[in-house]
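Would you mind keeping the following structure in view while I ask a few things?
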């Protein structure tokens, strides 16, 4: 009986998919900030991003910004239907990316002017974007 139990557990461990830990609040905030920066600087007039400040935000919060940025870039490629590198995808980052992307899309659909003002002001307050000179 013990051998059967051991064999069952061993088989289960070998065959089960590895499950990554969920994103921390800091990692999720980093993804949200990155999505906001992308959406506002591309879809709203008069803003430019400060990518180095996003890196500093990651550093302050103990987040691996470069790894997350790679995963965010791949999530964007997937979202846009472009070719992507599966090895750079992190499923939890892709889910968070999609969540923030969808929120931004809904808010922008209601009112682009309000979206640009609210999201732009919030990102300026965090020092992640600035108005173009």
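Every read-out reported here was derived from the displayed coordinates using simple, explicitly stated rules and does not represent laboratory data. In this text the structure is predicted, and so the values were computed from the model without any measurement. Please note: Cβ atoms are built from the backbone with ideal geometry, for glycine as well, and neighbour counts cover all protein chains shown.
Between the range 21-70 and the range 85-114, what is the C-alpha centre distance in whole Å?
Rounded to whole Å, the Cα centres lie 12 Å apart.
What percent do you get for the relative contact order of the range 25-131 when only Cα pairs under 8 Å and 6+ apart count? Provide the component values of the computation, followed by the final result.
On the way: 111 pairs, mean separation 42.5, N = 107.
Worked out over the range 25-131, it gives 40 percent.
Right, another one. Give the shape of the range 31-82 as rounded, prolate or oblate, defined through the alpha-carbon gyration tensor: a ≥ b ≥ c are the square roots of its eigenvalues, a/c under 1.5 means rounded, and otherwise the shape is prolate if a/b is larger than b/c and oblate if not. Numbers along the way, then the final one.
On the way: a/c = 2.77, a/b = 1.15, b/c = 2.41.
Because a/c hits 1.5 or more and a/b fails to exceed b/c, the range 31-82 counts as oblate.
Name the shape class, rounded, prolate or oblate, that the alpha-carbon gyration tensor gives for the range 82-133, where a ≥ b ≥ c are the square roots of its eigenvalues, rounded holds for a/c under 1.5, and otherwise prolate holds if a/b is larger than b/c and oblate otherwise.
On the way: a/c = 2.52, a/b = 1.70, b/c = 1.49.
The shape class here is prolate.
Evaluate the Kirkwood expression for the hydrodynamic radius of the range 25-131, namely the inverse of the mean inverse distance over all pairs of different C-alpha atoms, and round to one decimal in Å. If you can, show how the numbers build up before the last one.
Numbers: mean 1/r = 0.0717 Å⁻¹.
In the range 25-131 this quantity evaluates to 13.9 Å.
Which FRET efficiency value, to the nearest 0.05, is calculated for residue 55 and residue 113 with the Förster distance at 22 angstrom and r the Cβ-Cβ distance?
On the way: r = 30 Å, r/R0 = 1.37.
The computed FRET efficiency comes out at 0.15.
Here is a follow-up. Ranked by Cβ crowding within 10 angstrom, fewest neighbours first, how are 106, 69, 39 ordered?
Details: 106 10, 69 19, 39 22.
If I rank by nearby Cβ atoms, fewest first, I get 106, 69, 39.
Classify the range 50-109 from the C-alpha gyration tensor, please: rounded if a/c falls under 1.5, else prolate or oblate depending on whether a/b exceeds b/c. Could you put the intermediate results ahead of the total?
Working: a/c = 2.02, a/b = 1.21, b/c = 1.67.
Oblate shape, in that a/c is at least 1.5 and b/c is the bigger or equal ratio.
Quick check: residue separation of residue 99 and residue 87 times 0.36 nm, minus the Cα distance between them. What number comes out in nm? Walk me through the numbers on the way to the answer.
Working: separation 12, 0.36 × 12 = 4.32 nm, distance 2.12 nm.
Here the segment from residue 99 to residue 87 would lengthen by 2.2 nm.
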